[in-house]
Amino acid sequence: MHPVIHIFIWFIALIFTGIAYFIKRHPDRIAGYNTMPAEKKKNVDLQGMARYLFNGMLTVTWTMVPLAYLTAFLVGDASPVMWGLAAWLTTGTIAVAIAAQKFDHNKRKKQIK
């Protein structure tokens, strides 16, 4: 595996770890929370959501590293590793963000079926 791939894997891991720590330290910066009215903010477990997002982001990030090396070892090419990283981080981050909505206890409008 090319040395640039090693640097890229660890660079991405450190960026996502930094994002996770930022969310934990500044939970009021979570997207959409700042624009909520005060009465809706009362129904959000912000600390629980921040803790969940922190743990989820770290899990997605630090399972990515061994998976990237395993893929590179099994395939021997950099292209599947890069596509795998992109797919893993995208789906993992989306899944964590969707699951974190359980900390928002505001009533939602019923969707038309």
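The values are calculated or read from the model by the stated rules, or taken from the named source; none is laboratory data. Worth saying up front: this structure is predicted, and the values here are computed from it rather than measured. Cβ: placed from backbone, ideal geometry, glycine included. Neighbour counts: every protein chain shown.
Looking for whichever is among the polar types (S, T, N, Q), free of Cβ contacts under 8 Å to residues at least 60 places away in the same chain and under 30 Å from Lys109 (Cα atoms) here; the options are Thr63, Thr90, Thr59. Which one fits?
Details: Thr63 fails: under 30 Å from Lys109 (Cα atoms); Thr59 fails: under 30 Å from Lys109 (Cα atoms).
Just one listed residue meets the conditions, Thr90.
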Q: Confirm whether Ala13 is in a helix (DSSP H, G or I) and buried (at least 16 other Cβ atoms within 10 Å of the Cβ).
A: yes
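Among the residues of the range 85-113, count how many are more than 30 Å from Ala38 (Cα to Cα) and modelled with pLDDT of 85 or more. Please lay out each step first, then the result.
Here is the first cut: in the range 85-113, the residues more than 30 Å from Ala38 (Cα to Cα) are 85-92, 113.
Imposing the further condition that a residue be modelled with pLDDT of 85 or more reduces the set to 85-92.
The number of residues fulfilling the criteria is 8.
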Q | Thr91, sole failed condition from (1) of a type in the set (S, T, N, Q); (2) touching a helix residue (DSSP H, G or I) at 6+ places or on another chain (Cβ under 8 Å); (3) in a helix (DSSP H, G or I) | A | (2)
Q. Looking only at residues in the range 53-87 that are farther than 15 Å from Trp10 by Cβ and among the aromatic types (Phe, Trp, Tyr), which one is surrounded by the most Cβ atoms within 10 Å (Cβ to Cβ)?
A. Phe54
